[in-house]
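Values quoted throughout were computed directly from the atomic coordinates according to the rules given, and no laboratory measurement underlies them. Quick caveat, the model's predicted, so the values are computed rather than measured. Cβ: placed from backbone, ideal geometry, glycine included. Neighbour counts: every protein chain shown.
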Amino acid sequence: MSSEIRVPALGESITEATIAQWYKKPGDAVSVDEPLCELETDKVTIEVPAHVAGVLSEIIAKEGETVEVGALLASIGEGQAAAAPAAAAPAAAAPAPAEPVSAPEPVAAPQPVAAPQPAAPASAATQDLSPAARRVVEEHGLAPEMIAGTGKDGRITKEDAMQAAQSGTATASAAVSAPASAATAGASIAASGHEERVKMTRLRKTIAARLKESQNTAAQLTTFNEVDMSALMALRSEYKDLFEKKYGVRLGFMGFFVRACVTALREIPAVNAEIAGDEIIYKKYVNMGVAVGTEKGLVVPVVRDVQDMGLAEIEQAIGNFGRKARDGQLAINDLQGGTFTISNGGVYGSLMSTPILNMPQSGILGMHKIQQRPVVVNGDVVVRPMMYLALSYDHRIVDGKEAVTFLVRVKECLETPERLLLDI
Amino acid sequence: MSEENTNSFDLVVIGSGPGGYVCAIRAAQLGMKVAIIDKRGAPGGTCLNVGCIPSKALLHASEVLQETQHAGDMGISVGAVKVDLEKMMSFKQAGIDGNTQGVTFLLKKNKVEEIHGAARLTAPGDVHIDLLDGGQRSLQAKNIVIATGSEVTPLPGIEIDEDRIVSSTGALNLPSIPKHLVIVGAGIIGLELGSVWRRLGAEVTVVEFLDRITPGVDADLAKNFQRALKKQGINFMLGKKVTAAKALKASAKITLAPASGDGAEETLTADRVLIAIGRRPHTQGLGLEAIGVTRDQQGRIETDAHFKTNIDGVFAIGDVIAGPMLAHKAEEEGVAVAEHLAGKPSHVNYDVIPGVIYTAPEVAWVGRTEEQLKADGVDYAVGKFPFSANGRAKVNGTTEGFVKILADAKTDRVLGVHILGAQAGNLIAEAAMAMEFSASSEDIARTCHAHPTLPEAVKEAALAIEKRALHM
């Protein structure tokens with residue numbers, strides 16, 4: 001019996017991918033989880049692993065070909081190796097539903113959303129569920145990876161699954177067609193042109209579930225401040241050419257914001273922490289999630305160990321990520337493991353916003369649009385380039401005083417950038 | 001090695017019962033230098049020497065006797081069956097010796113130094129020992145674990161002479177089968193030993209202060225259990241208090257009065273009386289007062305979540321602290337304290353500690369009883385399945401009893417499992433595992449159980465929660 005290898009679900013607004021490379025050729029023996037080929041999409045590159053052991057019998061889609069989600073890539077025949085317990089085919093293995101092709105994501109949302117992670121085949125996760133939890137998950141079409149488990153070592157109990165079914169927070173995005181009646185009911189209105197019903201895509205649902213999970217879990221609130229960008233802008237215009245010549249990367253503001261946050265995080269560790277069970281993990285390193293806008297939407301690659309990096313290295317790393325994002329070269333790994341996030345709604349003109357935490361992080365800084373505004377300096381009204389800053393934080397582990405102090409520290413470092421140099 | 005070195009340890013455990021020796025072994029596994037002290041001369045504590053193990057030897061032997069007596073029903077004729085009590089006692093002793101030697105082997109294998117003597121704390125970190133074979137020794141310990149267990153609770157005004165009036169220790173070692181054995185206390189120990197001597201031919205009368213047997217056990221289970229014991233010929237006198245017990249030359253006289261207050265006294269004559277009203281923490285002579293270890297009103301050593309007493313470096317586990325006096329509870333605590341001292345996370349889940357009464361039928365439970373759930377205001381569903389509907393129980397001729405599963409009415413999470421029947425003590429393991437993983441009754445119901453086995457009754461009880469038992 002041969003087993004089919006198909007293009008896995010890749011995320012919202014990604015309906016097709018290009019085959020970058022085949023690692024195996026027909027006749028090669030493959031083992032379970034061994035990568036077979038690499039797919040490129042506009043946002044990420046991913047490897048397609050073998051889900052059974054055997055011999056690659058046929059490659060259907062050649063290198064360079066563009067393939068749709070769910071399309072047949074290859075087949076694996078029974079070989080010498082005993083067939084491992086086959087994980088069932090990925091949920092999206094059915095012929096791909098026509099997703100709204102290339103509809104650009106709504107980009108106005110200032111909330112950075114964690115990576116479009118191709119969900120693992122649902123079956124893998126359901127295999128590990130207890131029998132009753134599995135029954136509930138399957139009956140209600142839930143995505144187990146989105147259910148918070150309260151059992152031993154975080155396992156999902158029947159109760160957890162039932163709760164998720166009730167609250168609808170973990171509805172799987174598998175290509176299950178909506179109940180016919182709902183579809184027809186919608187159709188009549190749609191026909192009149194007042195409404196349009198579009199199926200939520202996998203990524204949209206992931207985003208929705210993550211955001212709600214964040215709001216349901218953390219005690220979130222936001223503190224604001226404003227920063228006079230004059231000094232930073234002056235510094236930048238003076239050195240940007242020299243900087244770019246030396247490092248080959250533009251001197252932007254983001255590097256300064258990252259440095260300012262690192263300084264403040266070092267002083268207020270609660271903002272760089274997470275809750276794990278009944279313990280708090282304080283991280284002695286900073287993996288900074290930095291929102292990068294692309295044509296396809298906002299992604300948040302993670303610059304690792306920024307505490308050890310200079311301004312130029314940070315700018316280079318961000319620049320690299322920007323390029324990778326544009327070229328669709330971001331790997332899943334680039335989007336994971338952040339300990340703090342900087343989001344920038346200012347790119348789209350936002351003057352003020354309350355970012356939502358990327359769980360399990362305890363803080364997220366919101367940058368906004370720089371706008372000339374009258375402010376009072378030493379008793380005189382003057383015009384200054386001002387930016388509002390927002391810090392959303394998890395009040396469960398960050399006290400108000402800590403949050404406010406953090407933001408004041410960020411403001412100080414940005415208004416008088418020499419502080420970053422002097423470390424004061 | 002210098003003198004100082006041989007007497008200084010990372011951990012000194014006082015008491016080598018199941019809590020103590022398990023703690024010592026685990027600590028040694030984690031790289032600590034460990035000594036364990038016991039004044040009994042053999043490791044294993046009450047459990048191995050005068051408790052669980054010898055009583056199970058006698059329960060097993062007497063059960064074999066009973067089965068043999070009924071072997072004719074299965075077409076096996078064995079002629080007249082006789083009991084050689086002396087030989088039965090040496091069978092019991094062989095069981096004890098095998099187990100205690102096993103513990104000594106394990107301690108040695110893990111390089112735990114076993115010291116025979118009575119230990120006393122002279123200061124935090126300092127342990128003084130009066131060695132059994134004379135002489136003294138002083139140890140320095142970074143940490144000390146008190147695991148000295150428990151002792152028989154005496155009945156005020158009644159002297160236990162271990163001849164006519166005995167504790168469980170004496171009742172495990174009677175020189176002859178009593179004609180009439182009176183047992184004061186219808187708890188686990190009294191009923192197990194009562195079963196032993198009843199099967200061996202004694203007339204057994206159990207006197208209990210409360211109006212029910214086995215307090216704490218699910219009432220439904222206790223009622224059916226009492227019925228089963230009654231059928232075996234054990235007499236019960238409930239709601240009675242013992243006002244006097246006196247050892248005579250060849251018998252003992254025991255005076256009872258209604259527990260509820262005034263009423264006519266009555267007298268029982270027996271050739272042996274077993275006082276089995278409970279056990280109390282054993283904390284005497286350990287020097288606890290000297291170093292200021294605090295105890296609660298019941299005399300139990302007070303500890304925090306990591307089993308530390310109010311004195312730094314002094315820990316306590318098992319029967320000397322709060323909680324059920326069970327070997328397996330002490331073992332869990334012993335492991336937890338050793339892991340805690342090694343800087344590892346440790347945890348004992350007190351909601352999932354099984355209890356077993358090794359009679360026939362056996363009684364076993366884990367989690368909360370119906371009474372507790374009612375008191376806690378929990379809305380629960382009951383799934384019950386009788387062994388009379390279980391194929392294996394039928395051919396084994398052990399159809400007495402049932403499995404009862406209590407699950408949360410809303411979430412279906414298993415809250416308690418109560419079993420009366422043959423092998424209940426083995427059957428409860430599955431329930432404990434399920435509860436440890438926060439399983440629902442449906443999880444048990446959807447797990448494949450081998451046929452034909454007694455565990456199928458557990459599965460059927462789980463099915464019965466949703467009123468879909470298949471074989472009823």
Worksheet entry | Long-range tail of P(r) for region A:241-341 (Cα pairs > 23 Å, %) | 30
Discussion item. Sorting check: for B:444-455, B:406-417, A:330-341, A:24-35, which peptide has the highest mean count of neighbouring beta carbons within 10 Å, and how do the rest follow?
Written reply: B:406-417, A:330-341, B:444-455, A:24-35
Item to complete: Step through the residues of region B:245-257 one at a time and calculate ³J(HN,Hα) from phi using the Karplus curve (6.51 cos²θ - 1.76 cosθ + 1.60, θ = phi - 60°), rounding each to whole Hz and writing x for Gly and Pro.
Response: 9, 9, 7, 9, 5, 10, 7, 9, 10, 9, 10, 10, 9
Worksheet, complete the sentence: Cα-based Rg/(2.2 N^0.38 Å) for region B:1-153, rounded to two decimals, is 1.37
Response to the item:
Checked against a 29 Å limit on the C-alpha separation, the offending pairs among A:LYS199/A:LYS369; B:LYS33/B:LYS329; A:LYS240/A:LYS401; A:LYS152/B:LYS33; B:LYS39/B:LYS308 are A:LYS199/A:LYS369; A:LYS240/A:LYS401; A:LYS152/B:LYS33
Practice prompt. Have a look at the DSSP beta bridges in region A:320-424 and tell me what percent are antiparallel, nearest 5.
Written response: 75
Fill in: Percent of Cα pairs exceeding the 18 Å cut-off, where the set is region B:222-301
64
Worksheet item: Bin by bin, in steps of 5 Å, what percent of the Cα pairs in region B:179-256 do you find, going until the bin that has the longest distance?
Response: 3, 15, 27, 25, 18, 8, 3, 1, 0
Worksheet, complete the sentence: Placing each pseudo-label 7 Å from Cα in the direction of the beta carbon, A:SER31 and B:LYS111 end up separated by a distance in nanometres of 3.6
Discussion item. Starting from the Kirkwood Rh over alpha-carbon pairs, what translational D in µm² s⁻¹ does chain B have by Stokes-Einstein at 37 °C and 0.692 mPa s?
Written reply: 137
Worksheet entry | Share of alpha-carbon pairs per 20 Å distance bin for the protein assembly as shown, given as whole % | 12, 30, 31, 20, 7, 0
Worksheet, complete the sentence: Note to self: C-alpha centroids of region A:230-287 and region B:220-271 sit apart, in Å, by 80
Worksheet entry | 5 angstrom amide H check on A:ALA331, placed H, neighbours 5+ away | A:THR45
Worksheet entry | Other protein chain Cβ atoms within 10 Å, averaged over every residue that makes up B:433-440 | 5
Worksheet entry | Under Karplus coefficients 6.51, -1.76 and 1.60, residue-wise ³J(HN,Hα) of region B:395-401 in Hz, glycine/proline x | 6, 6, x, 10, 8, 6, x
Worksheet item: Taking H as built 1.01 Å from N, whose amide H comes closer than 5 Å to the amide H of B:GLU203, not counting residues under 5 places away?
Response: B:HIS180, B:LEU181
Practice prompt. Can you quote the Å³ per residue value for the convex hull of the Cα atoms in region B:185-327, rounded to an integer?
Written response: 164
Fill in: FRET efficiency, 1/(1 + (r/R0)^6) with R0 56 Å, evaluated for B:GLU371 and B:ALA94 via beta carbons
0.85
Worksheet, complete the sentence: Put in order of increasing Cβ neighbours within 10 Å, starting from the fewest, B:ILE160, B:ILE405 give B:ILE160, B:ILE405
Fill in: Partner lysines for B:LYS240 [C-alpha distance under 25 Å; skip if fewer than 8 residues away on the same chain]
B:LYS179, B:LYS223, B:LYS230, B:LYS231, B:LYS253
Worksheet item: For the Cα atoms of chain B, what angle does the longest principal axis make with the long axis of helix B:424-436, in degrees from 0 to 90, nearest 10?
Response: 70
Worksheet item: Relative contact order, percent, of region A:194-346 when contacts are C-alpha pairs under 8 Å separated by at least 6 residues?
Response: 21
Worksheet item: Per 10 Å bin, what percent of the C-alpha pairs of region B:125-180 does each bin hold, from zero upward?
Response: 16, 28, 23, 24, 8, 1
Practice prompt. Within 10 Å of each Cβ in peptide B:280-289, how many partner chain Cβ atoms are there on average? Round it to a whole number, please.
Written response: 0
Discussion item. Using the Karplus curve 6.51 cos²θ - 1.76 cosθ + 1.60 with θ = phi - 60°, what ³J(HN,Hα) values do you get for each residue of region A:403-411, in whole Hz, with x for Gly and Pro?
Written reply: 5, 5, 4, 4, 5, 4, 5, 4, 4
Item to complete: Enumerate the amide H contacts of B:TYR380 below 5 Å, restricted to partners 5 or more residues apart or on another chain; note that Pro and chain-start residues carry no placed amide H.
Response: B:ALA409
Worksheet item: Which whole number gives the average, over all residues in B:413-421, of C-beta atoms from other chains lying within 10 Å of the residue C-beta?
Response: 1
